[in-house]
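*Asks:* One structure, pasted below without further comment.
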Amino acid sequence: MVATASALASRSPRQMVLRLSDMPTGFKVDTSGAMNAAAAVGEGGVTLAELKSWGYRTGYETDFASDVALSDSVSGAIEITSSASIYASRGGVAASLDASIKACGRHKLSVGATIGDQAELCAVTQMSGGYHFQAFAVLWRQGAVKGAVIVVGLKGGVSSRQAVSLAKVESARIG
C-alpha cells in the first residue's frame with residue numbers, strides 16, 4: 001500500500017532514509033539533516049520557485065562515507081547518499097522527479113527492478129584528484145515522496161547493483 005500525501009505529512013522523512021545499519025562494513029555517517037525548501041535549493045539545479053510550485057514540504061538527507069583510504073585498489077562504494085523528500089501531491093513529486101531525470105541527460109540506464117511508482121538510474125563518470133570516479137543514482141517517486149540513493153566509487157570498482165539494492169531498502173522504508 002502506498003501512503004497518501006496526508007499520511008506522509010505526519011511522518012518524518014528522517015524515518016525513510018537509509019541508516020548506518022544498512023551500509024556495508026566500514027561506513028560511517030558523514031553528515032545528515034533535514035532539508036526545508038531553502039536548504040533544498042540548488043540540488044540538481046532546482047530553484048525555490050520550482051520547489052514551491054511542486055508543493056515541496058520537507059526532506060532529509062544522510063551522507064555516508066567509507067573509512068578506507070582512497071587508492072586504486074579500492075573496490076565498492078566510498079560514498080553513499082540517501083534522501084527522501086515529501087511533496088503535497090503526487091503531481092508535485094512527479095514534476096520534481098521529471099526535473100531530476102532531465103538533469104541525468106543521456107546518462108540513463110535500466111533500473112532492472114521495480115522501485116516505487118517510477119524509477120530511473122543515472123550514471124556519471126568524473127575525474128577528480130587524479131582518480132576516475134563513477135556515480136550511480138537511483139531516483140524514484142513513491143506516492144508523494146521522492147527518494148534518491150547515490151553510490152560513488154572508483155570507476156570499475158562500484159556497481160549500479162549496489163545503488164539499486166540500497167534503493168529497494170529505502171523504498172521499503174518509505175512504504
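*Asks:* How far is helix 160-174 tilted off the main Cα axis of the chain, in degrees rounded to 10, range 0 to 90?
*Replies:* Helix 160-174 sits roughly 30 degrees off the main axis of the chain.
*Asks:* What number comes out for the charge environment of PHE27, summing +1 per Lys or Arg and -1 per Asp or Glu over other residues with Cβ under 11 Å away?
*Replies:* Taking every other residue near PHE27 into account, the sum is -3.
*Asks:* Compute the angle between helix 90-104 and the longest alpha-carbon principal axis of the chain, please, reported from 0 to 90 degrees and rounded to the nearest 10.
*Replies:* The angle comes out at about 30 degrees.
*Asks:* Sort ASP22, ASP67, ASP117 so the one with the fewest other Cβ atoms within 10 Å of its own Cβ comes first.
*Replies:* Least crowded to most crowded, the residues run ASP67, ASP117, ASP22.
*Asks:* Using only alpha carbon pairs under 8 Å that are at least six residues apart, calculate the relative contact order of the chain and give it in whole percent.
*Replies:* Relative contact order comes out at 25 percent.
*Asks:* Compute the signed sum of charges (Lys and Arg +1, Asp and Glu -1) over the other residues within less than 11 Å, Cβ to Cβ, of ALA137.
*Replies:* Cβ neighbours under 11 Å give a net charge of 0.
*Asks:* Quick one: compute the contact order of the stretch 115-175, relative version, from alpha carbon pairs under 8 angstrom and 6+ residues apart, as a percent.
*Replies:* Reported relative contact order: 30 percent.
*Asks:* So how do THR81, THR25 line up by other beta-carbon neighbours within 10 Å, fewest first?
*Replies:* Going from sparsest to densest Cβ surroundings: THR25, THR81.
We did not get these values from a lab; they are worked out from the coordinates using the rules stated. Because the structure is predicted, anything quoted here is derived from the model rather than measured. All Cβ positions, even for glycine, are placed from backbone atoms using ideal geometry, and neighbour counts span all protein chains on display.
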